[in-house]
Each structure stands twice: as structure tokens, then as C-alpha cells.
Amino acid sequence: MKKHNLIKKEFAAFALSTAMVFSMFPAITPAPIANAATAATEASNSQKVTTAEDDLENIFTTIDLMDASISELSSAMEKGELTAVQLVQMYLDRINAYDKSLNLNSIISINPDALTEAAKLDQLKAEGKIKGKLHGIPIIVKDNYDVAGMATTAGSASLANSIAPDDCYVVKKLKEQGAIILAKANMSEFASSGSDSRSTLGGTVHNPYDTTRSSAGSSGGTAVAVTCNFAAAGLGTDTGSSIRRPSSFNNLYGIRPSKGLTSIDGVIPLNADRDVTGPLCRSAEDLAIMLEGMAGTDPADSYTADANNLIPSGGYTSNLTSNSLKGKKIGYLSNSFGYSVLNTGEVATGSAVSLDNKISGMVTKAKSNLVKAGATLVDVSNLIPETLITSLRQKTSYSVFEWDMNEYLASLGENAPCKTVKDIMNTGLGVNYINISVKNPANSLSEMTNPRTTEDWNTCWNNMLNFRTTISKILKDNGIDAVIYVSQTDVANVQEENANLAKTTVNKNNAASYINYFGPVAGLPDMMMPMGFAKTDAANGYTEKMPLGMSMFTSYGNEETLFEIAYAYEQQAGSSIRKAPDSVPALKDENVNAYLDNLMDAVYSIDYDKYTVYPEAKIKKMYSKYDAAEKVNTNDIYETYDAAYDLAVAYDSVLTALNGKEKVETPTVSKPAKAKILSVSRTASNKKITITMQKQKEITGYEIQYSTSKNFTSPTTKTVTSSTVKKAVNKLNAKKTYYVRVRAYKTSNTKKIYGAWSAIKKISITK
């Protein structure tokens, strides 16, 4: 594979010769293929004169960011087609163009050092040093993750000036792999709501598929940013459903890992016994790459003591194949595809409801894709009945928020703007959730009793462990690899704009249901996968519009199986389940094919009669390259760029052959007029054609060319005298389409002076 970062060196002569030719033919200068930029940036550059060198180089520095995967971005950087600096700027341009103008409100803050960090990573790459799979990859983190030098606010105005002294453990690990923290994402304030993401600091996050609807919470900002292609991937936290519901409503893959697989140290807590950190991504592979970079034992986080033992030796990407679902036995909970939710947020016992008819078809199709990919589906409602789940989840939760939050604030050091929860409440800023959850806040940690030293907490913790081991054993004993369920019975609800963060409206037909139990209570790994789009707009013919996902859990520490299932499912389902929102398109069309066409037009326009050398072999090579470029899979942007590169090299060879050659003296006779083909006809044998030309005076003869390529790659050439106006061509190939053109010529001082080619005629040989 060519190293396109050698453009400056390898294309110096090419750029000069290109500029020479284009200066001769200014009307056909190829339109530049520009990097993505904001409208403001484009306006500021509108007066900038682009050269042929700029146009050419842009081919290799431009990439289609719409749903580009981590591996694709890494490949582009490896080949020199893209730099980390360029990639960061492209994502920043998209954020600047869309986030506020569309009222998405997904981003709270931008890392001011992102471009600097990207430049350092580019330098390391130039020195042959690659940090890891995430080298140069920009990601967005939820604003409850500590990032050194940036404010960590949890969406609260009370913490607007709370600057983290260092990176949280997970961010540190990802940076060690080469990731760039691009920005902090908006969230439900203090991660308090799974219904939506709204905060006093960042406002309300709106769903880009329909901005009247919820993005879900509390990681809604991260979900919106990732689905809008504001970064390659994102990080969220999940206490109840806060990674998976936003993933569902925003057409993403999201995983709540096994409790203790990833560290929560340096992350603003909600309930550390249940809090987990995890990724949200546009593909199953990206999700696996991100979790690989995050997982591991953190000495500062006791929950992660066994994490290193849970990670498979080959990582989570080693077994991702389209065949990895074959032989898998997947259970489904037929009796629990949705629950009503009471105003208290508790699941009403025995209130199972049916799926909304808008999404029932999506569920059926998702199950079908699993089967087509090789899985066997079995009803496990008898193995995991509702009564069992209800009993297992009893007395599994204990309030630890105030203690955990005060410990976090203490970790910030002397410069922390608030030292305790009471300090936060005293600010009067963005404390609605805390005001409800904490009635009598303590002045300090020393005034409190560690809740984890109480008998009640110990009972809850042991009950949680029992839930975990019971379900894991049921799956193992019955050979069940994973269990699927539908966690939302309807698409994202229309959300009310309400300044009171504590007062949120939950659509009773869009409940979280079991999404709150298997992962949060039992600590099992639980993944959300896209199912596609539901028909939501009856007034306009039920337009497929809003996304929804399907949940899947497995036994403790068995994330590897979830990734294998998700990847194979994704390959089977294809593009029908994942599409970027129409509201945030690519900022500029990156039309490589148009560039190729314009480039060839320039070549066609070269007047070779002006040169002593006619590089026929090089011209044929050029045409061959063009044919190859046209046939590449245009869905693979890297193949397209490689084709453009090959074409540029061929073009360079043509121009090099011409550049600096002595020009022919001006002919003493005028050129013949442009030739005209009157007709091209087939004979009865059908493998013979007759070409009839318009007769021209004062010429020496005609040159006839025919080829199966419209670009006349490797044509057959016939020369006839001026008296011949009909020419028969025999022994043509059956079932082929032929292209025919002619031109007249005069002979002057032993040199042929050609007129212009005629218009091209085509004829098909049917027998």
C-alpha cells in the first residue's frame, strides 16, 4: 500500500507540471476536494486561491467522517492519508457547525489542548512510535470523568470551576493507547435521570433524529455526540441504564461492563456500588476496541481487583467474525418485553405490557437476523421467571451517594470549589437532584458514618452478589450464551422543557424495565445493539425515523461472548440498522469520482501535436488507470483514494513525457475539420459493422478507432484514404458494446496533422 504522506516529496514535479497544464486549460481545473469545515471557516477561506497542488493534496488529507470506524481512521493515518491534527480539526468543525445551531447541546466543553496533543502524536508517528490501537483517535467523555486541566462538572453549575488535578484511571489508560480527549459531553445533572439529559450548565440534550424527542440519560450528551460523528467514540457511565438507553435512542452500540471490569476512580459518583464506566460507539468492533483500552485492575478502585483476570488473552477483538454467532444459544424473555413505570420510578409488579405496534416488527427482524447469522433462540422465561427476578432484586440497594460524593470532592485537593455535598447545596446552583436525595448533609466526611460499614449495606451487597451468581449459574447450566430482551417498549418520548431538573416526565409506554436489573443490580455485562428505525410519523406516511435498540446480557465477566454475538449480528443486519442522523450531514461533498472525471478531461484536452514526442504508451497506461479507478468500490473510501493516487501517478507520467520537450514548429497547413460519423450499422452476421463517415476535402485520410472501453483503452486503429467513406470491421466479439470514433488527417513534411475526434458512436453486438 502506498504511503500517501510522501506527497510533498514524490509529487513536486507532478504539481509543477499539473499547474502548467491547468494554466493552459483554466476552464477544466478540477474542483478541489476540501476538508470538512464549518460554514464560518469556509467563508473566511472563500478568497483563498487554490492551486493544482492544493487540489491534489486534499485528496489524501480528506476522509469521509460519516460513521468512519476507529480501524478505518487508524488505517488512514497509518497510510499517511490523514493526520491526527486534521482529524481533530474535522471533528471540531462538525461540533462548531451543528451542536449549538441545531440545539443539540451535546457538548459542555472543548479540550483546549486537543490540537496540541494531536500534533505530538503525529510527531511520534513520524518517528515510528505508535502508542496503541487508539493512536490519534479523538474521543468524547461524559462530564463526570476527570480529565487533567479541564473542569469536571457533572453538568452542574455548582462545579463549573472544579478543575481535575489529574486524569481518572480510565482516561489515563486510553491516553496511554494514544486516544485524544476532544471534549466533555453534557449529561443528566449528577447522572440523576435515565429519562433525559438536562443540566444547569449544559441545558437539555436533544435527539438529532428528532430534536423534539429525548436523547435519554444520563449519558445523552455522549450518545448524541457520537451518533452525530463529533468524535470517533465516547465514554459514559451507567448506574441504572445510563449508557444503554442513550445508545438505544441514538442508534449506537453501548455496553455496561461487568461491575469491576473498568475503574470508576476519578469519576463523579452516583452510587459507586453500581456505577460503571463504559463506551458508546457506532459499531460493535469500535465498542470492543474501546473496552480493551479501558478494562483492567486499578489499585485505587477495589471493585476492579479481579479485572485483569476477566479480560480474555486475545482481547475483545480477537474473535470478531461474521461466523461467530454460529452455534450460539441465545435465550429471550418472552414474558418480559416491557413494563409500565409508576411515577416513583419503580416497576409495577406483574404489569407486563406488549410492545408498541410501531416497533414489534423491528424486534421480529432483529431476532431473525440473529437466527440467520447462526444462532439458536430459546425461550428462557421458565428459567428466569419474573418471580425469580423480583425476589433476587429485593434489598439490593443502599444509599451511598453523599459519602461517595464527599470522598470524590476530597480527592480534588485544596483547590476544589466545594468540599462537601453541603457546600454544593449552599451554592444554590444546579442542586435539584441533591436537594431531593440528601436531606441533612454533613459538613465533612468525619461527621458521617461510612455506609459500607453498616449491616444493612452488607446485606444489600451480599444480595447483589447472590443475584449475580444465580443468573450466571442458570446460563452456564443450561448452555445459554446470552439473553436478549427489549428494554424500551417504544421509541424516544417527546420531552418537556422543564427547568426543574427533578421533575421529569417518563412515558409509561417507554419504560426501562429489566434494563435496570441484570446489569445494575446483578453487575452482569449488558449491551445495547441497534435494531433499526421505527415508523413514527403517521401524518406523513409513517416515515422510518426514530432508532431503537435491543438489550443483551450474559454471565459475569463474559463480555467476549457479547462482542462475538453483536459483531456477527451487525454483519448480518447490514446498513439497515445504523445510519447517521440526516440533520448532521457531511459538511462538504467529498466527490473523488468528480475529481477523476475532471482530471481526465484535462488529459483529453492536451494538444499533443505541440510536442515532438507523442507518449502513446503512457496515454494508454493513463486510460487503463482511469478504467480501474472507475471500477473501485466507492463504498470503501480508502480504495477510492488509492485509485485516485494511482491515477495521479499515471497523469504525472504523461506530463513528464511532455514537459520540456521541444515544440513542433507551427504547421504550414491548417488542421482538418472535425470528423463526423454518419452511421454505424451491423450486418446480418452481427459480428461485422460498417462505419459511414462524412466526406472531407483536402485531407490525406481518416483514422478510425474502436474499443470496448468508452475511454478507448487499448483501441484498435484503422487508417483509410480520403476516398474511403465506408469502412467494414470484421470478427468482432459477441455480446459486447463497441465505441467508435474517427478523425481526419493531413500529411505535411512527413508529419500527420490531425483534426478533432468525432463524436463517439456506440453499437452492441448481440449474437
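Read the figures in this text as sums done on the coordinates, not as results from a lab. Small disclaimer: the values here were computed from a predicted structure and weren't measured. When we count neighbours, we look across all protein chains shown, and the Cβ atoms used for this are built from the backbone with ideal geometry, even at glycine.
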message = At a 10 angstrom cut-off on C-beta neighbours, averaged per residue, how do the peptides 471-483, 207-219 rank from highest to lowest?
response = 207-219, 471-483
ask   = So what's segment 356-421 giving for Rg/Rh, alpha carbon basis, Kirkwood Rh from the mean inverse pair distance?
value = 1.34
key: Relative contact order (percent, whole number), segment 677-765, Cα cutoff 8 Å, 6+ residue spacing   = 32
query = In the structure shown, do any of 79/120; 621/671; 173/326; 710/746 have a Cα-Cα gap over 23 Å, and if so which?
reply = 621/671; 173/326; 710/746
query = Taking other Cβ within 10 Å of each residue's Cβ, how do 380, 680, 267 sort, fewest first?
reply = 680, 380, 267
request  = Note down the nm distance, to one decimal, between modelled labels 7 Å out along Cα→Cβ at residue 725 and at residue 161.
outcome  = 9.4
task = Identify all lysines with a Cα-Cα distance to residue 358 below 24 Å; exclude those on the same chain that are fewer than 8 residues away in sequence.
result = 367, 372, 508, 535, 545, 579
task = Measure off 7 Å from each Cα along the Cα-to-Cβ vector at residue 321 and residue 476, then give the distance between these two points in nanometres to one decimal.
result = 2.7
remark   = Ordered by fewest other Cβ atoms within 10 Å, a rough proxy for footprinting exposure, 198, 274, 244 read 274, 198, 244
key: In Hz, Karplus ³J(HN,Hα) per residue of segment 515-520 (6.51, -1.76, 1.60; θ = phi - 60°; x = Gly, Pro)   = 4, 8, 10, 4, x, x
Residue 280 long-range amide H proximity, modeled H, under 5 Å = 234, 235, 236
task = Read phi for every residue in segment 78-89 and hand back ³J(HN,Hα) as whole Hz from Karplus 6.51 cos²θ - 1.76 cosθ + 1.60, θ = phi - 60°, with x for Gly and Pro.
result = 4, 7, x, 7, 8, 10, 5, 4, 4, 5, 4, 5
message = Please list, ordered by chain and number, the residues whose modelled amide H lies under 5 Å from the amide H of residue 162; skip anything fewer than 5 residues away on the same chain.
response = 152
ask   = So what are segment 141-204's ellipsoid semi-axes, whole angstrom, largest first, if each one is the square root of 5 times an eigenvalue of the alpha-carbon gyration tensor?
value = 22, 13, 9
remark   = Counting only residues 5 or more apart in sequence or on a different chain, those whose built amide H sits under 5 Å from that of residue 719 are 704
ask   = If the convex hull of the alpha-carbon atoms of segment 397-459 is projected onto planes in all directions, what is the mean projected area in square nanometres?
value = 4.7
message = I want to check the label-to-label distance for residue 616 and residue 305. Put each point 7 Å from Cα in the C-beta direction and report it in nm to one decimal.
response = 8.3
query = Residue by residue, what Karplus-based ³J(HN,Hα) values in Hz, rounded to whole numbers, does segment 473-481 have, using 6.51, -1.76 and 1.60 with θ = phi - 60° and x for Gly and Pro?
reply = 5, 4, 5, 5, 5, 9, x, 8, 6
ask   = Which semi-axes, in whole Å and largest first, does the equivalent ellipsoid of segment 69-120 have when worked out from the alpha carbon gyration tensor as the square roots of 5 times its eigenvalues?
value = 24, 13, 8
Taking N as its residue count, the alpha carbon Rg of segment 677-765 over 2.2 N^0.38 Å = 1.09
query = How do 283, 197 line up, fewest other C-beta atoms within 10 Å first?
reply = 283, 197
